[in-house]
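None of the figures in this text is laboratory data; all of them are computed from the coordinates on show. Only a predicted model underlies this, so the values are computations on that prediction, with no experimental measurement involved. Note that each Cβ is placed from the backbone with ideal geometry, even for glycine, and that neighbours are counted across all protein chains shown.
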Amino acid sequence: MLSRALTAKPRKSPKNEDQDPQQGYTTSSFNDYEDCIVGFMQDLPLVRCGHDRKCLGCGEGLSHLTLRGVLRGSVGVIGESRLGMTEKVVLLGGRVCAVKRFRKVSSGSRDFGKRIEHLAKVSEKSEYLVPVIAYLYAKRIKFVLSDYYPMGSLADLLAGARQHGHTALDWNQRLTIVVHIARAIAFIHEQYPPYDKKMQMNVHGSIRVCHVMVNIDFSACLSDYGFTQLAEPVEIPNMWQMMKSPCWQQTTPYCAELSQKSDIHNFGVILLDVLAGPKGLRMTEGTKEEKEGLISEGGSEFFEFAVKEGKERRQVSGVLDIAFACTSDKPEARPSIKEIYCSLLEIL
């Protein structure tokens, strides 16, 4: 239990926390990560970002939130990447949050704090970005706290449905999510000045289907804004366990470069995933003619959902054209997010 982590007893070495001699890489949650508080003489308070947000329903504020409260509230891992691990935590009073624990942070506490607070300040101005609520920077653990979305990520919804052989989202729900992602990217790309606090503020840096969080009304928010500039990715051998995650199963088509054109490419990858799943993801390469030929061969079965004739078919075709433009192998040929959003408005 997490409470044991706050008592003195022999602990494993942090050098081996992610390795198992029999299995290779293994998942380590807050429940197992007892080393994170070795040497702490007292509980550590989290640094709040923005105003004192409260959970609707329980009325719990964050003014007294501490590391101990987060550790004790850990429920389990809900996502992983080379950058870090995301866990679901239930705080006292019932508030549910998500914690992103970074694997490797090279900046000092002051620089890290300034960057987080600046990202949080920008994020809370858009309803389409997941806000950062609080953070902690300590010797053995660095993480950020954000809102939790009960529906999970778009990756979870799509992968879960595919495993059971059914469609999780109809076209209108998928289109709503696509438009909301575009609005989030547009907000980010319009940030001025583009560079601030040693960060490139007008680039997301990690647009992935697993970073699209879905609300119960199927509206969507984009998470992890700027996180690639907070921590460094860690190359981990024998990633057999982490690669079970939907986010890891679909990493190949994405661009890792920190630029707006890479953001656009990754948005196009999400569009292909939303439209056709694995078949769509295989179309990130090849000419437009070759891609259109594959679609013609697949017919109506190419798409992951039943497409109605008329307006819906025109909308699907329009989004597919946008996806092809976004995933062009020539970055300069990719449209801007402003052009993309205008195209989406035209087909609504």
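By other beta-carbon atoms within 10 Å, ranking Ile322, Ile207 with the fewest at the front produces Ile322, Ile207. Of Lys197/Lys261; Lys114/Lys261; Lys125/Lys330, which pairs sit farther than 31 Å apart, going by alpha carbon to alpha carbon? Exceeds cut-off: Lys125/Lys330. Each Lys or Arg adds one and each Asp or Glu takes one away; over the other residues whose Cβ falls under 10 Å from the Cβ of Leu136, this sums to +2. Using the alpha carbons alone, the radius of gyration of segment 143-199 stands to its Kirkwood radius in an Rg to Rh ratio of 1.12.
Here the label points at Glu332 and Glu232, each 7 Å from Cα along the C-beta direction, are separated by 3.4 nm in the simple model.
Shown for Cys342, Cys210, Cys97, Cys49: other C-beta atoms within 10 Å of each C-beta, ranked fewest to most, produce the order Cys342, Cys97, Cys49, Cys210.
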